[in-house]
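Quick notes on the structure that follows.
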Ligand code: HSE
């Protein structure tokens, strides 16, 4: 086992999907993080190198999402070896694309592959969540879940974490724009109301049910009607300059719906044709360009597989 090495990719994820704050997410084909894991004699986790983070991420394993996830997994496995890890961040930190979850998932997936799939996805989720907690200071599985399982996932409950895989209609495309401003998930969570008016809750859970039903039935009109958020978006929109202009541009270009990806600043739109997905990307980008803010557009199908060995 000592000296064995593996390189893996774990995808970006769009969490919340408008109405499903902390309970829904899906994975996209790219961007995503890469991670190399090597088994070494010395016990514990050593992060040897991180690239693509502009020097912002800690090399101390306990403070790093992948590091913490692997510490917990190795403790549980109680094996007589340790691991060295190299992380190559392929998406910006604080982008709302599940960057911390992708690194944590990449770590536990890589170790599990080297050990020849000893643990289930459910078990890996628990370890990856310990890593996610380091970054976002809260347990939420709506990035880790879809990153690890692929496709659309529902987090039915948290005690214990109960992840349900939802079918992914083949025609769906996702357009994401990442305006280059950084929003820390912990700060975007601190803004949120502690209580929700019953009237708003009724609207929200109607939409959650509608979205899940729409995905099962491949009913794109129902998906479109359900991609609305009356609780989180009105608060967080203020963090993204010209958010509603960008959203209107996406909807006018043919999106089924458009909303904040995770805690932002990335914004996602779903559509059912590649051509439309491209038009949406152009429309959103022209609004962001006019603000003189740099941005990156990603157009992808829904990633149904989750992490993979590369
Ligand atoms: N559901 C989390 C939030 C996802 O919106 O705060 C963070 O990426």
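Some values worked out for this structure:
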quantity	calculated
Residue check, residue 195 at pLDDT 95 or above and either surrounded by 13 or more Cβ atoms within 10 Å (Cβ to Cβ) or farther than 22 Å from residue 258 by Cβ (or both)	yes
Test: residue 22 is within 16 Å of the ligand (Cβ to nearest atom), closer than 28 Å to residue 174 by Cα and part of a loop (DSSP other than H, G, I, E, B)	yes
Check on residue 201, in a helix (DSSP H, G or I) and away from the ligand (no atom under 16 Å from the Cβ)	yes
Segments classed as strands (runs of 3 or more DSSP E), wholly inside the range 79-177, with at least 1 members that are away from the ligand (no atom under 16 Å from the Cβ) and surrounded by fewer than 22 Cβ atoms within 10 Å (Cβ to Cβ)	82-88, 161-166
Boolean, residue 153 is assigned by TED's automatic domain parsing to the domain that holds residue 250 and touching a helix residue (DSSP H, G or I) at 6+ places or on another chain (Cβ under 6 Å)	no
Filter pass, residue 134 being in contact with a helix residue (DSSP H, G or I) (Cβ under 6 Å, 6 or more places away or on another chain) and either under 18 Å from residue 14 (Cβ atoms) or at pLDDT 95 or above (or both)	no
In the range 37-69, the residues that are closer than 13 Å to residue 86 by Cα, in contact (Cβ under 8 Å) with a residue 60 or more places away in the chain and not in a loop (DSSP other than H, G, I, E, B)	37, 39, 65, 66, 67
Exclusive hit being in contact with a helix residue (DSSP H, G or I) (Cβ under 6 Å, 6 or more places away or on another chain) and either farther than 18 Å from residue 28 by Cβ or more than 16 Å from the ligand (Cβ to nearest atom) (or both), set 286, 263, 271	271
Members of the range 240-253 that are within 13 Å of residue 293 (Cβ to Cβ) and either within 15 Å of the ligand (Cβ to nearest atom) or touching a residue at least 60 places away in the same chain (Cβ under 8 Å) (or both)	240, 241, 243, 246
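For every residue, the table says whether it meets (1) crowded, with 20+ Cβ neighbours inside 10 Å; (2) in contact with a strand residue (DSSP E or B) (Cβ under 7 Å, 6 or more places away or on another chain); (3) in a loop (DSSP other than H, G, I, E, B).
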site: 224; (1), (2), (3): no, yes, no
site: 229; (1), (2), (3): yes, yes, yes
site: 248; (1), (2), (3): no, no, no
site: 254; (1), (2), (3): no, yes, yes
site: 269; (1), (2), (3): yes, yes, no
site: 278; (1), (2), (3): no, yes, no
site: 287; (1), (2), (3): yes, no, no
site: 306; (1), (2), (3): yes, yes, yes
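The values are calculated or read from the model by the stated rules, or taken from the named source; none is laboratory data. Being a predicted model, the structure only gives us computed values, none of them experimental. All Cβ positions, even for glycine, are placed from backbone atoms using ideal geometry, and neighbour counts span all protein chains on display.
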